[in-house]
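S.K.: Let me give you the structure first, and then I'll get to my questions.
The values are calculated or read from the model by the stated rules, or taken from the named source; none is laboratory data. Since this is a predicted model, take the numbers as computed values, not measurements. With ideal geometry, Cβ positions are generated from the backbone for all residues, glycine too; neighbour counts draw on all protein chains shown.
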Amino acid sequence: MSSRGVKELNLVAQDTTRYGVDRYGRPSLYHLLERLSRLEGVAWIRLLYTYPALLNDELIQFMAAGNKICRYLDIPLQHASASVLRRMNRGSSGEESARLIEKVRKAVPGITLRTSFIVGFPGETERDFEELLEFIARIEFDRVGIFAYSREEGTPGWKLPDQIPEEVKLERRNRAMTLQQRISRRKNRLKVGQVFPILVEGRNPKGVYHGRSEGDAPDVDGKVCFKEAAAINPGEFVKIRITSAGTYDLIGELV
């Protein structure tokens, strides 16, 4: 991989923490990460779609020790209301998720946490939705994706009673996104003045480079942009001091 210039590996699956169940009869992500961390030239290994049920102490401590694992976790929680999670057949609750996040943040200081939520699932009451908003405000995730439930024929949710009108789904999605955008702007502004290693991805015709920090997954998170007259190749790491911040993207200068 190093001969091809690979600097970052992104591990993603329907549930990445279940890696190995089909081949070895048990979750084996920890052992895969041990092997991948020995690859020469690879600087970042990023975990996406790590469901909370199998996000155990072994994995968390391996991240805490460095081992090229990005201080970044994508944990799709789907909701915070216990009643909604039961209807989704998810065996967790908002409080269980909060305890897990507290454990992760304590073990891995500075970790970036991404999650995703579905609003408008059949039977979601206004109180359920308010519980989700309270959870988002309390936990203050770094990155959040909010999706309006889409009813698909042939899925278990298709037959559930109390389907939510489309306009209510969209209104709830907008309210949740507005809340998260405020959190994201505030968190990004705290980065102004700090210096981060940035993996350069490209340059536009106006000479503005863009790249990502350890806390930014490709395609779903923000960019770090900076101007520089000298040529920098995609795949190179540079140090950037953040000079201004938007809701999602950061602007900086080469150090």
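S.K.: Tell me the residue from GLU152, GLU140, GLU102 that is in the same structural domain as SER184 (by TED's automatic domain parsing), of a type outside the set (Gly, Ala, Ser) and over 30 Å from ILE69 (Cα atoms), please. Walk me through it before giving the result.
M.R.: Working: GLU140 fails: over 30 Å from ILE69 (Cα atoms); GLU102 fails: over 30 Å from ILE69 (Cα atoms).
None of the other options fit; the residue is GLU152.
S.K.: Taking the residues in segment 43-65 that are touching a helix residue (DSSP H, G or I) at 6+ places or on another chain (Cβ under 7 Å) and part of a loop (DSSP other than H, G, I, E, B) as candidates, determine which candidate is nearest to GLU236 (Cα to Cα). Steps first, answer last, please.
M.R.: Step one: list which residues in segment 43-65 are touching a helix residue (DSSP H, G or I) at 6+ places or on another chain (Cβ under 7 Å), which gives 45, 47-52, 54-55, 58-62, 64.
Keeping just the survivors that are part of a loop (DSSP other than H, G, I, E, B) gives 48-51, 55.
Values: LEU48: 23, TYR49: 26, THR50: 28, TYR51: 31, LEU55: 31 Å.
Selected residue: LEU48.
S.K.: Among residues belonging to segment 155-169 that are in contact (Cβ under 8 Å) with a residue 24 or more places away in the chain and among the hydrophobic types (A, V, I, L, M, F, W, C), point out the one that is nearest to ARG87 (Cα to Cα).
M.R.: Ranking the candidates gives LEU160 first.
S.K.: Please list, ordered by first then second residue, the pairs with beta carbon atoms under 6 Å, 6 or more apart or interchain, first in segment 30-54 and more than 15 Å from ASP15 (Cα to Cα), second polar (S, T, N, Q).
M.R.: Every condition considered, the pairs that remain are SER37/ASN67; GLU40/SER2; GLY41/SER2.
S.K.: Taking SER83 as the residue in question, decide whether it is part of a helix (DSSP H, G or I), closer than 30 Å to GLU166 by Cβ and either in contact (Cβ under 8 Å) with a residue 60 or more places away in the chain or not hydrophobic (A, V, I, L, M, F, W, C) (or both).
M.R.: Details: part of a helix (DSSP H, G or I): yes; closer than 30 Å to GLU166 by Cβ: yes; either in contact (Cβ under 8 Å) with a residue 60 or more places away in the chain or not hydrophobic (A, V, I, L, M, F, W, C) (or both): yes.
It is true that SER83 is part of a helix (DSSP H, G or I), closer than 30 Å to GLU166 by Cβ and either in contact (Cβ under 8 Å) with a residue 60 or more places away in the chain or not hydrophobic (A, V, I, L, M, F, W, C) (or both).
Every residue, every condition in (1) within 30 Å of GLU214 (Cα to Cα); (2) part of a helix (DSSP H, G or I); (3) not acidic (Asp, Glu), yes or no:
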{"residue": "ILE118", "(1), (2), (3)": "yes, no, yes"}
{"residue": "PHE121", "(1), (2), (3)": "no, no, yes"}
{"residue": "ARG127", "(1), (2), (3)": "no, yes, yes"}
{"residue": "LEU133", "(1), (2), (3)": "yes, yes, yes"}
{"residue": "SER150", "(1), (2), (3)": "no, no, yes"}
{"residue": "ARG172", "(1), (2), (3)": "no, yes, yes"}
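S.K.: Limited to segment 214-240, what total is found for residues that are basic (Lys, Arg) and either crowded, with 19+ Cβ neighbours inside 10 Å or under 23 Å from the mean Cα position of the chain (by Cα) (or both)? Spell out the reasoning first.
M.R.: First, pick out the residues of segment 214-240 that are basic (Lys, Arg): 223, 227, 239.
Now narrow it down to the ones that are either crowded, with 19+ Cβ neighbours inside 10 Å or under 23 Å from the mean Cα position of the chain (by Cα) (or both): 223, 239.
Of the residues in segment 214-240, 2 are basic (Lys, Arg) and either crowded, with 19+ Cβ neighbours inside 10 Å or under 23 Å from the mean Cα position of the chain (by Cα) (or both).
S.K.: Going by the conditions given, is ARG127 modelled with pLDDT of 95 or more and of a type outside the set (A, V, I, L, M, F, W, C)?
M.R.: Details: modelled with pLDDT of 95 or more: yes; of a type outside the set (A, V, I, L, M, F, W, C): yes.
It is true that ARG127 is modelled with pLDDT of 95 or more and of a type outside the set (A, V, I, L, M, F, W, C).
S.K.: Follow-up question, since we're still on this one. List pairs: first residue in segment 2-23 and at pLDDT 90 or above, second residue assigned to a helix (DSSP H, G or I) anywhere in the structure, Cβ distance under 6 angstrom, at least six positions apart or on different chains.
M.R.: THR17/LEU29; THR17/LEU54; TYR19/LEU29; TYR19/LEU32
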